[in-house]
1. Looking at the stretch 8-17, is at least one residue farther than 15 Å from V232 by Cα and either surrounded by 14 or more Cβ atoms within 10 Å (Cβ to Cβ) or at pLDDT 95 or above (or both)?
2. Restricting to the stretch 56-84, what's the tally of residues that are surrounded by 16 or more Cβ atoms within 10 Å (Cβ to Cβ) and either within 13 Å of L20 (Cα to Cα) or within 13 Å of ligand 2 (Cβ to nearest atom) (or both)?
3. Filter the stretch 28-47 down to the residues that are within 16 Å of ligand 2 (Cβ to nearest atom) and closer than 18 Å to S209 by Cβ and list them by number.
4. Among residues belonging to the stretch 27-50 that are near ligand 1 (Cβ under 9 Å from one of its atoms) and either under 21 Å from H220 (Cα atoms) or of a type in the set (V, I, T) (or both), point out the one that is surrounded by the fewest Cβ atoms within 10 Å (Cβ to Cβ).
5. Which is modelled with pLDDT under 85 and touching a strand residue (DSSP E or B) at 6+ places or on another chain (Cβ under 8 Å), of G95, G128, G118?
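The values are calculated or read from the model by the stated rules, or taken from the named source; none is laboratory data. Since we're looking at a predicted model, the values are computed, not measured. Glycine also receives a Cβ, built like all others from the backbone with ideal geometry; neighbour counts cover every protein chain displayed.
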Amino acid sequence: MDGGEQRGAAASPDLGQPVLEVRGVSKRYGSVHALRDINFEIHRDEVVGLVGDNGAGKSTLVNILSGALHPTSGQILVDGAPVSFKSATDARDVGIETVYQDLALAPDLSIWANLFLGRERTVSGPLGWLGWLDRRAMMARSVEDLDRTKIHIASVSSRVGRLSGGQRQAVAVGRAVAWGSRVLLLDEPTAALGVEQQAKVGDLIRTVSGHGIPVLLISHNLPQVYELCDRVVVLFHGRVIAELRPKETDLDSIVSWITGSAMLAGKTTR
Ligand SMILES: Nc1ncnc2c1ncn2[C@@H]1O[C@H](COP(=O)(O)OP(=O)(O)OP(=O)(O)O)[C@@H](O)[C@H]1O
Ligand SMILES: [Mg+2]
């Protein structure tokens, strides 16, 4: 499969410096070669789809970008500067927000507490030095942030455990937007959602993108990927084998790259 990687039609016009760049990233789990020499870029205002069959390496790549895993080799650059993450907190600190399939929300905490999870605000002065939390400020800011993302939830004091899947998704995405992230990674955000809720996640992605935050969307929901994404990166057995623009191709072609039949047929994306 060497040399199977195809680029061309999807090559970005001159969009300036990428917000996120993956250079030659590989990942091995023992003898399993989960990712091989991955290269791609995400630019401002882009929604990029990352697709591939089960086991293609999508989550591994997201986990590397979000600081949860270390690449075996290769480099990640944020706004042109090389970064190296020891943890998910390091990645968040440079503005890479990730919404995982399980959402990583705390069901027993309120919406506002989830929005500030790990970044709690303390009151100013001596009480703050003792760790006294500024609940009022955090609640007020939560209302503003959710408003900005057009997410309508009755009260930011509601426990997340009482929200529907779609509402939880909205809070998770809202958290990413609220923190002024540089880039948002979504790993299977609609997998557990109903049709209507899936459409709402689509609206959220457009909202995030409208705020100038690029989005990397991983999903098996190909019609949604086709509809939402400016560019689609296809992984096959741990390699990028195609980059396609939905505007220039049809859904069936994307599927044929995912299954590998396009590559076997000797197609190129040029
Ligand atoms: N912790 C691990 N140890 C060993 N192998 C792993 C581990 N995690 C993933 N893999 C392997 O790495 C490859 C890529 O897995 P990954 O989870 O990244 O796929 P994926 O594209 O996200 O698949 P899916 O669509 O099913 O979520 C698979 O072959 C998988 O078995
Ligand atoms: Mg996965």
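1. No, every residue in the stretch 8-17 fails to be farther than 15 Å from V232 by Cα and either surrounded by 14 or more Cβ atoms within 10 Å (Cβ to Cβ) or at pLDDT 95 or above (or both).
2. Counting residues in the stretch 56-84 that are surrounded by 16 or more Cβ atoms within 10 Å (Cβ to Cβ) and either within 13 Å of L20 (Cα to Cα) or within 13 Å of ligand 2 (Cβ to nearest atom) (or both) gives 17.
3. none
4. Looking at the filtered set, the residue picked out is V32.
5. On the way: G95 fails: modelled with pLDDT under 85; G118 fails: touching a strand residue (DSSP E or B) at 6+ places or on another chain (Cβ under 8 Å).
Exactly one of G95, G128, G118 is modelled with pLDDT under 85 and touching a strand residue (DSSP E or B) at 6+ places or on another chain (Cβ under 8 Å), namely G128.
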